[in-house]
């Protein structure tokens, strides 16, 4: 039986290449042990989404199973980093778990629909995204009630466009440099139209919304870490993030082709 000392000095890439050729169980076990940190990291990053109905330990357990399957399916010749390959599968796993739950109350869905419709109407009228107070005035509610509704809809926005946007980054439909200044060299562009629409949508956001998305996607910081960086409360960061995703979703619906909109609708 091969001991772990046999793998000392070998990089993750070398082990992945060797396993793809030999399917040696000991090598697979070593790879899984080296990437358990990634499972835990993503489980923590998405904790706010599933914390109402399951424990982080359960997500980690499911994630490790997904990691083991990913090791078997990964092909080093794909020209995609294993971290990217696994991250997409782990996040997809969490989203699937969340979608199987009745996690969004009807009242929240109705409130979110009202906010979406108000945003679209005011966007057409003003030629820009409406401010919070303008939204509250249009809905004929107090600013406090409006912000409370937005807060309740944060998870919905986070699960919907957050996953959609991340998929576009991971798949290369939109390059990471559209959110940050760094390029993702191993990715490729699949849709120039989507790339352009997302680029314009991102640039139309407020500065603080762009910063939050950059820290979340480029640096992969948690909401708590972003709050510390920006010297704001965690609920405020969550609100900024959710608002940015909602604006992007509406921007895509208004500016992307019907085929693209239908694709987004299936994801949302």
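The numbers here are math on the coordinates, done by the rules we state, and not lab data. What you are looking at is a predicted structure, and each value in this text was computed from that prediction instead of being measured. Every residue, glycine among them, receives a Cβ derived from its backbone with ideal geometry; neighbour counts consider all protein chains shown.
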Which distance in nm do the two modelled labels at residue 37 and residue 106 give, with both placed 7 Å along the Cα-to-Cβ direction? 4.8
Sorted from largest to smallest, which semi-axis lengths in Å does the alpha carbon gyration tensor of region 4-99 give for its equivalent ellipsoid, taking the root of 5 times each eigenvalue? 26, 14, 10
Value of relative contact order over region 4-99, rounded to a whole percent, pairs C-alpha under 8 Å and six or more apart: 32
What is the order of 223, 68, fewest Cβ neighbours within 10 Å to most? 68, 223
